[in-house]
Amino acid sequence: VAAFKAIQDGKQVAIICPTTILCEQHYNTALGRLKNFMVEIEAINRFKTKKEQTEIIQKLADGKVDLICGTHRLFSKDVKFKDLGLIILDEEQRFGVEDKERLKNLKKTVDVLSLSATPIPRTLYMSLVGIRDVSFLSTPPKERKPIHTMVVDYSNSILVSACKKELERGGQVLIVYNRVESILNFYAKVKELLPDVNIGVAHGQMSPKQLEDAIYNLYSRKTQILISTILIENGIDLPYANTLFVIDADKLGLSQLYQLRGRIGRSNIEAEAYFSFASNKTLTEEAYKRLDAIMEFSDFGSGYKVALRDLEIR
């Protein structure tokens with residue numbers, strides 16, 4: 001609504017997000033919602049060729065683009081706006097202080113709308129002392145159910161059981177394995193455990209085409225299980241993925257765990273999240289507190305509470 005109002009007032013709008021996949025999703029959503037309003041929409045990210053990027057940047061400078069969805073590419077020095085009125089920063093916790101300072105330099109009189117399920121300590125502080133206005137969206141979409149969250153010792157039998165349970169009800173499974181160097185070995189192991197299942201792999205060192213294909217196959221339900229690094233944590237909407245299994249959850253931050261859990265349960269089906277750690281491992285006090293917090297805060301709109309707890313733990 002904010003973007004549409006700015007465009008109606010003759011201003012340009014930039015939606016900036018941390019990952020290419022999320023950028024493409026925002027672009028497609030904007031196209032779908034604004035197609036009947038004569039709004040010129042573009043996306044700029046690493047899926048675009050150099051020639052395409054140059055053309056889009058020129059159109060942006062000439063004022064021929066009303067709304068642009070982009071990644072960090074929009075912070076580049078060659079990107080110029082004719083009349084920027086609103087910046088929407090999605091997944092704000094994924095942007096550093098340097099990025100946000102660049103935002104201020106884009107234009108001094110621009111409105112900024114920052115979105116985050118788990119704000120970082122700096123943003124929390126600014127909201128608590130009144131430097132920033134903060135609004136909460138705590139009402140879930142109709143028929144959305146809370147996610148059943150479990151912290152478990154890892155075993156092959158638990159993994160197989162969780163996957164089979166989800167596949168039997170026609171859903172998809174996300175397995176988070178956050179080590180690129182051995183993710184293919186883990187994939188081979190899961191393939192051996194579940195030989196008749198279509199399993200995909202996604203990580204940040206894949207080529208744009210490979211990554212795009214992996215995510216598209218998940219969207220189109222050709223892939224039943226996706227083994228991925230935490231690149232899927234940011235805002236990707238997967239309505240049929242209703243089971244999450246995180247390997248070595250004790251090594252991830254609290255906001256990462258919360259964001260990952262947010263990738264499932266986006267329909268009217270009760271979702272299940274398994275946060276696992278090695279059975280022979282003694283957890284550190286901080287890791288224990290993080291896993292305890294993710295179990296405690298399972299209600300809708302708990303992101304702010306999670307961020308406050310994260311601040312306490314730190």
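Give the share of C-alpha pairs in each 10 angstrom bin for the chain, from 0 to the last occupied bin, in whole percents, shortest bins first.
5, 25, 32, 25, 11, 2, 0
Treating the range 180-309 as a set of equal point scatterers at the Cα positions, no solvent, please give the Debye-formula log₁₀ I(q)/I(0) at q = 0.22 Å⁻¹.
-1.46
GluC sites (Glu not before Pro), restricted to the range 94-199: which are DSSP loop and have at most 14 other Cβ atoms within 10 Å? Mind showing how you got there, number by number?
Details: sites: Glu98, Glu101, Glu143, Glu166, Glu168, Glu181, Glu192; in loops: Glu143.
In loop regions of the range 94-199 (DSSP not H, G, I, E or B), the sparsely surrounded GluC sites (Glu not before Pro) are Glu143.
Taking just the alpha-carbon atoms of the range 52-181, what radius of gyration and Dmax come out, in angstrom?
Expressed in Å, the Cα Rg and Dmax of the range 52-181 come to 21.0, 59.
For a quick check of your reading of the filter: which trypsin sites (Lys or Arg not before Pro) in the range 135-243 sit in a DSSP loop and have no more than 12 other Cβ atoms within 10 Å?
Values: sites: Lys142, Arg144, Lys164, Lys165, Arg169, Arg179, Lys189, Lys191, Lys209, Arg221, Lys222; in loops: Lys142, Arg144, Arg169, Arg179, Arg221, Lys222.
Listed in order of number, the matching sites are Lys142, Arg169, Lys222.
Using a Gaussian network model on the chain with a 10 Å cutoff between Cα atoms, which of Pro195, Pro239, Pro119 fluctuates the most?
Maximum fluctuation in the GNM of the chain, among the listed residues, is at Pro195.
Keeping all protein chains in the complex and leaving out DNA, RNA and ligands, what accessible area do you get for Thr284 with a 1.4 Å probe, in Å² to the nearest 10?
90
Would you mind working out the magnitude of the charge dipole of the range 195-300 relative to its Cα centre, with +1 at each Lys and Arg C-beta and -1 at each Asp and Glu C-beta, to the nearest 20 Debye? Each step should come with its number before you reach the end.
Numbers: 10 positive and 14 negative charges, 59 e Å.
Dipole of the range 195-300, to the nearest 20 debye: 280 debye.
Longer than 32 Å from Cα to Cα, which of Lys51/Lys191; Lys145/Lys289; Lys82/Lys145; Lys100/Lys222 are they? Say none if no pair is. Could you put the intermediate results ahead of the total?
On the way: Lys51/Lys191 40 Å; Lys145/Lys289 25 Å; Lys82/Lys145 44 Å; Lys100/Lys222 38 Å.
From the list (Lys51/Lys191; Lys145/Lys289; Lys82/Lys145; Lys100/Lys222), the Cα-Cα distance tops 32 Å for Lys51/Lys191; Lys82/Lys145; Lys100/Lys222.
So what is the orientation-averaged projected area of the range 1-113, using the convex hull of its C-alpha atoms, in nm²? All intermediate terms of the calculation are to be shown ahead of the outcome.
On the way: hull surface 25.8 nm².
Average projection, Cα convex hull of the range 1-113: 6.5 nm².
May I ask for the Kirkwood hydrodynamic radius of the range 123-170, worked out over all distinct Cα pairs and given in angstroms to one decimal? Walk me through the numbers on the way to the answer.
Numbers: mean 1/r = 0.0659 Å⁻¹.
This gives a value of 15.2 Å.
Over the range 152-265, what is the relative contact order in whole percent, taking alpha-carbon pairs under 8 Å and six or more residues apart? Can you show the working numbers first?
Working: 154 pairs, mean separation 39.6, N = 114.
For the range 152-265, the relative contact order is 35 percent.
Mind checking which of Met126, Ser255, Leu67 is farthest towards the positive end of the chain's charge dipole, using Cβ charges of +1 (Lys, Arg) and -1 (Asp, Glu) about the Cα centre?
Looking along the dipole axis, the top candidate is Leu67.
Counting other Cβ atoms within 10 Å, which trypsin sites (Lys or Arg not before Pro) in the range 252-296 have at most 14 and lie in a DSSP loop? If you can, show how the numbers build up before the last one.
Values: sites: Arg261, Arg263, Arg266, Lys281, Lys289, Arg290; in loops: Arg263, Arg266, Lys281.
For trypsin sites (Lys or Arg not before Pro) across the range 252-296 that sit outside H, G, I, E and B with at most 14 neighbouring Cβ atoms in 10 Å, the list reads Lys281.
Explain nothing, just the number: dipole magnitude of the chain about its Cα centre with +1 on each Lys and Arg Cβ and -1 on each Asp and Glu Cβ, in debye rounded to the nearest 20. Please list the in-between numbers first.
Working: 44 positive and 40 negative charges, 128 e Å.
In debye, rounded to 20, the chain gives about 620.
Name the residues whose placed amide hydrogens come within less than 5 Å of the amide hydrogen of Leu113, ignoring near sequence neighbours (fewer than 5 apart) on the same chain.
Amide H to amide H, under 5 Å and 5 or more residues apart or across chains, Leu113 pairs with Ile87, Ile88, Leu89.
Return the FRET efficiency for the residue pair Gln205, Val1: r is the Cβ-Cβ distance, R0 is 41 Å, and the value is rounded to the nearest 0.05. Please report the intermediate quantities before stating the final value.
Numbers: r = 38 Å, r/R0 = 0.92.
E between Gln205 and Val1, to the nearest 0.05, is 0.60.
Tell me, what is the FRET efficiency for Lys82 and Thr29 to the nearest 0.05, using R0 = 30 angstrom and their Cβ-Cβ distance as r? If you can, show how the numbers build up before the last one.
Values: r = 24 Å, r/R0 = 0.80.
For R0 = 30 Å, the calculated efficiency reads 0.80.
The values are calculated or read from the model by the stated rules, or taken from the named source; none is laboratory data. Please read all numbers here as calculations on a predicted model, not as lab measurements. Reconstructed Cβ throughout: ideal geometry from the backbone, glycine too, with neighbour counts over all protein chains shown. Note: areas computed on protein heavy atoms with side chains; ligands, DNA, RNA excluded. Shrake-Rupley method; radii C 1.70, N 1.55, O 1.52, S 1.80 Å.
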